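Please read the structure below before turning to the comments.
The values are calculated or read from the model by the stated rules, or taken from the named source; none is laboratory data. In this text, all values refer to a predicted model and were calculated from it rather than measured experimentally. Cβ sites come from the backbone with ideal geometry, for glycine too, and all protein chains shown count toward neighbours.
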Amino acid sequence: MTAKERMCTALAGGKPDRAPVAPFVWGAEYRWRAIGMEIWELLYGDPEISFEANDRLQQRHAFDWMFVQRFGNGWLKDKRVEQRGARTFFIDPAGVEYEFLKDGHQLVRADRSAFPAANAGIVDRDIRSRGDVDALLEALGRDFYANSTSGDQGWERRLIERYGDSLFMSAEQISPFVDACYALGFETSMMMLIERPELFTYLAETLLEYSLPRYAEAARAGYDGILIVESWASADIISPRQYAQFAFPYQKAAIAAAHAQGLKVVFYTTGAIMPFLEQMRGLGMDALTVEEGRKGAPNDIAEIRRVLGPEQCLFGNFDVEQTLLRGSRDEMRAEVLRQIEGAGRDGAFVMGTGSPICDDTPPEQVDLWIELTHELGAYD
């Protein structure tokens, strides 16, 4: 089987020759180490670096999917780079100096007086009317959260031309619920669910509408599927009733929109999801992938399999922090076996990670994880 055939078989609920390997390598974290590029180059360099960043990771590890990521916002275009010992500085044409802090991947002015606009964070906003929502949407623009991938870039199409026949190619889209939360800021979004639910609904509906063309773009570009990311709709943040009202309808609509374009959907959610599992059965995703147990939430893969049944494709939630980062061979082997025994004995399973691979993970640990999955996840 090719990697693409292996992934498609598992996503359809079948049993391939072995469990596919499809981890999350998100952004620059870990990637820079695996491919030998500077973090700041990936974050702030020319956007065309995205081709090399994705290509080199696949050459290094030979995963069964390519979860395509966008890099480079072009901020470095007119900057001079200076290395001063172990520290990296950037000087703009006016002589203003910036320093990249590798710990935290932060870019700051060298005098610490301000952060550049490219590093601006999410701030809470005062939203009291539909007019305020409209003003926020206008300020954000229709390309809000432009780091998502949908096939609208030339470097994406070149990747698909190179790998599309052999690999499962996945684009990325943020769910409308978390998009709305990002737009508002955490405190404002949580208060709005209680005090002004109709405004949150209006914002989520509009952001869903904004996202719809991206599914068509991804399909036209030749993507096989799309990862829809839901990072805030969990039981440690909202109640089951709030999930049913504010998250589930927009998750389901986004999945349906992707399916309408012929895309497979991998739905990724974090936090405590066990109280929502029965509702999530109705989402219609091709595969579910969940965070490993954190913050007091077990997210046990065997229990998730029991609730969702044998035909629902599940990604493993291999622990990246305790096991992949620092586990011994025996510990790694035991966790690979636990994942496969719990959710993958009869197929409909992809070996994944519960979270993105940690920044400091030695690439040799990832090699070992792949090797053990190939050995223990063989179905023939």
Search result, residues across the range 215-236 that are more than 17 Å from Lys264 (Cβ to Cβ), under 19 Å from the mean Cα position of the chain (by Cα) and not small (Gly, Ala, Ser): Trp232
Whichever residue in the range 241-255 is more than 24 Å from Leu11 (Cβ to Cβ) and touching a residue at least 12 places away in the same chain (Cβ under 8 Å) and, among such residues, is surrounded by the fewest Cβ atoms within 10 Å (Cβ to Cβ): Ala244
Members of the range 241-278 found to be of a type in the set (Gly, Ala, Ser) and either under 28 Å from Ser150 (Cα atoms) or in a strand (DSSP E or B) (or both), listed by number: Ala244, Ala247, Ala253, Ala254, Ala256, Ala257, Ala258, Ala260, Gly262, Gly271
So Glu292, is it charged (D, E, K, R) and crowded, with 21+ Cβ neighbours inside 10 Å: yes
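Does Asp103 qualify as being among the charged types (D, E, K, R) and within 20 Å of the chain's Cα centre (by Cα)?
no
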Residues of the range 217-273 satisfying the condition of being basic (Lys, Arg) and farther than 30 Å from Asp165 by Cβ: Arg241, Lys252
Filter result (buried (at least 20 other Cβ atoms within 10 Å of the Cβ) and under 18 Å from Leu57 (Cα atoms)) within the range 325-354: Met351, Gly352, Thr353
Residue within the range 104-116 that is β-branched (Val, Ile, Thr), closer than 22 Å to Ile174 by Cβ and in contact with a helix residue (DSSP H, G or I) (Cβ under 9 Å, 6 or more places away or on another chain) present: no
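For (1) surrounded by fewer than 23 Cβ atoms within 10 Å (Cβ to Cβ); (2) farther than 19 Å from Ala22 by Cβ, each residue gets a yes or a no:
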{"position": "Ala257", "(1), (2)": "yes, yes"}
{"position": "Thr270", "(1), (2)": "no, no"}
{"position": "Met274", "(1), (2)": "yes, yes"}
{"position": "Ala287", "(1), (2)": "no, no"}
{"position": "Gln312", "(1), (2)": "yes, no"}
{"position": "Gly316", "(1), (2)": "no, no"}
{"position": "Asp319", "(1), (2)": "yes, no"}
{"position": "Thr323", "(1), (2)": "yes, no"}
Whichever residue in the range 98-127 is part of a strand (DSSP E or B) and loosely packed, with under 15 Cβ neighbours inside 10 Å and, among such residues, is modelled with the lowest pLDDT: Gln106
